[in-house]
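Engineer: Before I ask anything, let me first share the structure, which is written out below as structure tokens.
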Amino acid sequence: MNEKKMIDIAKEVLENAYAPYSKYRVGAVVKTSSGKLYTGCNIENMSFGLTVCAERVAIFKAVSDGEKSITKVVIVSDGDSTPIPCGACLQVMSEFSDENLEIIVSSRDSKLEKFRLIDLLPRPFKLCKEG
Ligand code: THU
């Protein structure tokens with residue numbers, strides 16, 4: 001499964017976004033170590049703090065299916081702003097990947113950008129002394 005294909009899938013899944021408050025629709029695809037793909041979209045709530053980002057939905061779908069290791073995350077929005085993952089999502093990513101996790105983001109007009117998890121979250125919280 002190449003990157004272009006993952007981006008196309010993320011664009012499809014953002015059509016399912018439930019974003020009546022922000023009107024900012026996001027689709028995400030995560031790839032697991034075993035090569036499986038899981039999709040997610042953002043799901044907002046009238047009680048705004050209950051909103052869940054697209055990438056976290058995709059990761060939780062993977063984990064609930066027994067996949068506890070992710071190697072790539074693609075996040076696409078059809079809005080103007082680049083969908084850089086929020087701090088909460090980065091911490092969740094760090095639980096199920098290593099610092100080399102590839103994160104690929106793109107918005108409606110912006111060029112695709114690529115990061116490693118360590119670029120965006122250099123010091124994740126860990127319950128141990130290392131790092
Ligand atoms: N959002 C995501 O789903 N992923 C991101 O990477 C950035 C933000 C969502 C959350 C909320 O529904 C909307 O975008 C505006 O913050």
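Engineer: If a paramagnetic tag sat 7 Å from the Cα of residue 33 along the Cα-Cβ line, which residues of region 101-131 would have the backbone N under 14 Å from that point?
Structural biologist: Under cut-off, by backbone N: 101.
Engineer: Non-local amide H neighbours of residue 42 (under 5 Å, H modeled in plane, Pro and chain starts lacking H): which ones?
Structural biologist: 18, 26, 54
Engineer: Give the relative contact order (percent, whole number) for the chain; include only Cα pairs under 8 Å separated by 6+ residues.
Structural biologist: 20 percent.
Engineer: Continuing with the same structure: For region 3-120, what value does the Rg/Rh ratio take when both radii are computed over Cα atoms and Rh is the Kirkwood radius, given to two decimals?
Structural biologist: 0.93
Engineer: So which trypsin sites (Lys or Arg not before Pro) in region 1-107 are both in a DSSP loop and have at most 10 other Cβ atoms within 10 Å of their Cβ?
Structural biologist: Sparse-neighbourhood loop trypsin sites (Lys or Arg not before Pro): 23.
Engineer: How much length would be gained if the chain were fully extended between residue 80 and residue 60, taking 0.36 nm per residue of separation minus their Cα-Cα distance, in nm to one decimal?
Structural biologist: Length gained between residue 80 and residue 60: 4.6 nm.
Engineer: Taking R0 as 22 Å, what FRET efficiency do you get between residue 2 and residue 68 from their Cβ-Cβ distance, rounded to the nearest 0.05?
Structural biologist: Using R0 = 22 Å, I get an efficiency of 0.40.
Engineer: Would you mind calculating the gained length between residue 112 and residue 125 on full extension (0.36 nm times residue separation, minus the Cα-Cα distance), in nm to one decimal?
Structural biologist: The residue 112-residue 125 span can extend by a further 1.9 nm.
Engineer: Next question, about the same structure. Highest GNM mean-square fluctuation, the chain, Cα pairs closer than 10 Å: which of 110, 97, 22?
Structural biologist: For the chain, modelled as a Gaussian network with Cα springs under 10 Å, the answer is 22.
Engineer: Another question about this same structure. Please report how far the C-alpha centroid of region 28-94 lies from that of region 111-128, rounded to the nearest whole angstrom.
Structural biologist: When both Cα centres are located, 14 Å separates them.
A short reminder: the numbers here are calculations on the coordinates, not readings from a lab. Everything quoted here is computed from the prediction, not taken from an experiment. All Cβ positions, even for glycine, are placed from backbone atoms using ideal geometry, and neighbour counts span all protein chains on display.
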